[in-house]
Amino acid sequence: MKMISLQSGSNGNCTFVETCGIRLLFDAGLTGDTTAKRLAKCGIDIQSIHAVLISHDHADHVNCAGVLHRKFNLPIWITQKTYEHATQHHRLGRFGDINFFKSGENLIFGKIRITAIPTAHDAADGVCFVIDNGEKRLGIMTDLGRTKSITSILQKNNSSQNELAAGEKKNDLCISSQKYFAGFVEQKISAFSDDYYERIILTLDGLLIESNFDIGMLSSGGYPVELKERIRGKGGHLSNIETANLIKLAGKKLKWACLGHISKENNTHNAVLDSHREILGSKFPLSIASRYDISELLEL
Ligand SMILES: [Zn+2]
Ligand SMILES: [Zn+2]
């Protein structure tokens, strides 16, 4: 299985995955021309893409779905709710036909199975994806939100910034179905339990995951208070420390982790690496997905 991040971050997301003769794009946050050019740089004709799967309705993931569909005739896969919110809030243009999936479902493309797993992120109907080719499992997990309070993470790390969680709203997200775990996790998992993301990551061989912000930089930075609260709240993004702890706890099988969706304002590559190296040690295979360009080819 091959993965190339074509770009990762709030300025646009798109990830290429190829396995068992199936070529997929995850998210459509780059213009049609940029997507085509970056794929071509990797020796891939955009016309050979079998499907584009959309994770959620935020602009950096869905904005160019219409263009990819019309200009290159690519089939779009999206949940109904995400489609409705996206078309209401962004100018996606006309779609000829569209393929709907439900959050929690398995999608079968040839010999591969993709599971769309609900996230705690503050989108209309956000999912992350696990791609399973029968031998290896890859997770595309950005825009996750959090299933445990950032306060507990900070306490664990002896930080003095516990006040960051003040005003955080109680998580009222709730899902009822466990069907997306059928077949690979036997135990029943309570929806958005504290270890929700750990349970998923435990099953993975490779992982693209968000490592969005440095807690200190977000705290002292220039974002309005409400935006800071959103980012570190239940529906926001994971910080460097949280992501590193997740990988440490659950990344036992991981051949590599690629850290993405890195904030321009509230993070730096050095801050990402410092946090992850401190928690994961110097040997864990880490890669960083660029906010501006293609990143290295990663294989399983
Ligand atoms: Zn995003
Ligand atoms: Zn988002």
### Query
Within segment 48-67, which residues are in contact (Cβ under 8 Å) with a residue 40 or more places away in the chain, more than 11 Å from ligand 2 (Cβ to nearest atom) and surrounded by fewer than 24 Cβ atoms within 10 Å (Cβ to Cβ)?
HIS50, ALA51, ASN63
### Summary
Requiring at least 3 residues that are under 25 Å from THR35 (Cα atoms) and in contact with a strand residue (DSSP E or B) (Cβ under 8 Å, 6 or more places away or on another chain), the helices (runs of 4 or more DSSP H) wholly within segment 182-300 are none
### Query
How many of the residues making up segment 8-47 are within 16 Å of ligand 2 (Cβ to nearest atom), surrounded by 22 or more Cβ atoms within 10 Å (Cβ to Cβ) and under 14 Å from the mean Cα position of the chain (by Cα)?
10
### Task
Would you check which residues across segment 222-270 are away from ligand 1 (no atom under 16 Å from the Cβ), within 29 Å of GLU296 (Cβ to Cβ), surrounded by fewer than 17 Cβ atoms within 10 Å (Cβ to Cβ) and of a type outside the set (A, V, I, L, M) and list them?
LYS248, LYS252, LYS253, LYS255, THR268, HIS269, ASN270
### Wholly within segment 75-142, strands (runs of 3 or more DSSP E) carrying at least 1 residues that are within 19 Å of VAL17 (Cβ to Cβ) and more than 17 Å from the chain's Cα centre (by Cα)
76-78, 106-109, 112-118
### Task
List every residue pair whose Cβ atoms sit under 9 Å apart, with the two residues 6 or more apart in sequence or on different chains, where the first one lies in segment 236-261 and is at negative phi and the second, anywhere, is of a type in the set (Phe, Trp, Tyr) and in a helix (DSSP H, G or I).
LEU238/TYR197; LEU246/TYR197; ALA250/TYR197
## Note on the structure
Over segment 45-65, the set of residues more than 14 Å from ligand 1 (Cβ to nearest atom) and among the hydroxyl-bearing types (Ser, Thr, Tyr) is SER48
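Computed from the coordinates by the stated procedures, all read-outs in this text should not be read as laboratory data. This is a predicted model, so every value here is computed, not measured. In this analysis, Cβ positions are derived from the backbone assuming ideal geometry, glycine residues included, and neighbour counts consider all displayed protein chains.
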